[in-house]
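Encoded as structure tokens, the structure appears first; notes follow it.
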Amino acid sequence: DMERVSLGCRVTLNRDGKKQEFTLVTSLDADPEKKKISVESPIGKALIGKKVGEKIVVSTPDAKCDCEILSIGVAPENGG
């Protein structure tokens, strides 16, 4: 497991009581349907540099949601 969230990480979140997994990628590689989110996106920006157990609040155009980081790992395509 990794210490902090960075580019290329797979992050598991508890988002308003639901478990969600994302891989953080560059804006060129972003593909929400494949759970790849840009580090430039609101959630990407909020996650960078955070550690497991930290809570973040993400503001999107639609809503604000509370997220807790459950785990940080290496994405499969990056050797994880």
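From largest to smallest, what semi-axes in whole angstrom does the chain give when each is the square root of 5 times an eigenvalue of its alpha carbon gyration tensor? Could the numbers behind the result be given before it?
Values: eigenvalues 62, 45, 23 Å².
Semi-axis lengths for the chain are 18, 15, 11 Å.
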Over the chain, average the accessible area per residue using a 1.4 Å probe and give it in Å², no decimals. 63
Total charge dipole magnitude, the chain, about the Cα centre, Cβ charges on Lys, Arg, Asp, Glu only, Debye to nearest 20: 160
Of all the stretches in the chain, which is the longest one without any exposed loop site, taking GluC sites (Glu not before Pro) in a DSSP loop (any state but H, G, I, E, B) with at most 14 other Cβ atoms within 10 Å? 4-39
Give me the percent of the accessible area of the chain that comes from carbon and sulfur atoms, probe 1.4 Å, all protein chains in place. 48
Could you name the aspartates and glutamates in cross-link range of K55, using Cα to Cα under 16 Å and dropping any fewer than eight places away on the same chain? E3, D16, E21, D66, E68
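The values are calculated or read from the model by the stated rules, or taken from the named source; none is laboratory data. The structure presented is a predicted model; accordingly, all values stated were derived computationally and were not measured. Positions of Cβ are generated from backbone atoms using ideal geometry, with glycine treated the same way; all protein chains shown enter the neighbour counts. Just the protein is used for accessible areas: all its heavy atoms, side chains included, with ligands, DNA and RNA removed. Shrake-Rupley method; radii C 1.70, N 1.55, O 1.52, S 1.80 Å.
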